[in-house]
1. Could you work out the mean projected area of the convex hull around the alpha carbons of the stretch 90-136, in square nanometres to one decimal?
2. Can you put H116, H100, H37 in order of Cβ neighbours within 10 angstrom, beginning with the fewest?
3. How large is the dipole of the stretch 47-134 about the Cα centre if only Lys and Arg carry +1 and Asp and Glu carry -1, each at its Cβ, rounded to the nearest 20 debye?
4. In what sequence do E136, E63, E121 fall when counting other Cβ within 10 Å, fewest first?
5. For D134 and S65, calculate 0.36 nm times their separation in residues minus their Cα-Cα distance, and state this gained length in nm to one decimal.
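Throughout, read-outs are computed from the coordinates displayed, never taken from laboratory work. Quick caveat, the model's predicted, so the values are computed rather than measured. Because the Cβ atoms are built from the backbone with ideal geometry, glycine has one as well, and the counts that use them run over all protein chains shown.
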Amino acid sequence: MTELRDAVRALADPTPDPVLDPALDPAVAAADPAPVHAIRVEAEYGRAVVRLVGEVDAALRAEASASMGMALMSGLPVVIDATEATFVDSSGVAFVLQLHLAASEAGIPVTLRDPHRVLREVLDMVGLSVLIPDDEG
């Protein structure tokens, strides 16, 4: 719980933090390259950016839960960034919709950054694309 609290505090600080994203620490990045498939939360210009990387599926369930908690507890506007996503299955779509629902109930805006339309196309297919507007920032 302390780690989650520290991560949420770090989101409020616009300066990138190697504790929140180990890939920002060159020593860690060299020793342990970023995973091919991940869900992580980073602070970016006063927003909590939930990055979907690689294949987003049921194997990322624990990361999805932790990321949702960090993003919501920050209280910052949420951007779901699917720029690096290559595939999103029904588990990934469920995560995005749960994040949107929980954020909406808390009065936190959610937008989608998806230049390759990997996630947007899946949301279009199930008729839910209108729920999450495109990120303009």
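1. Over every viewing direction, the Cα hull of the stretch 90-136 projects on average to 3.2 nm².
2. Details: H116 12, H100 21, H37 17.
The order, fewest Cβ neighbours first, is H116, H37, H100.
3. Approximately 220 debye in magnitude.
4. Working: E136 6, E63 18, E121 12.
Ordered from fewest to most neighbouring Cβ atoms within 10 Å, E136, E63, E121 come out as E136, E121, E63.
5. Result for the pair: 22.5 nm of gain on full extension.
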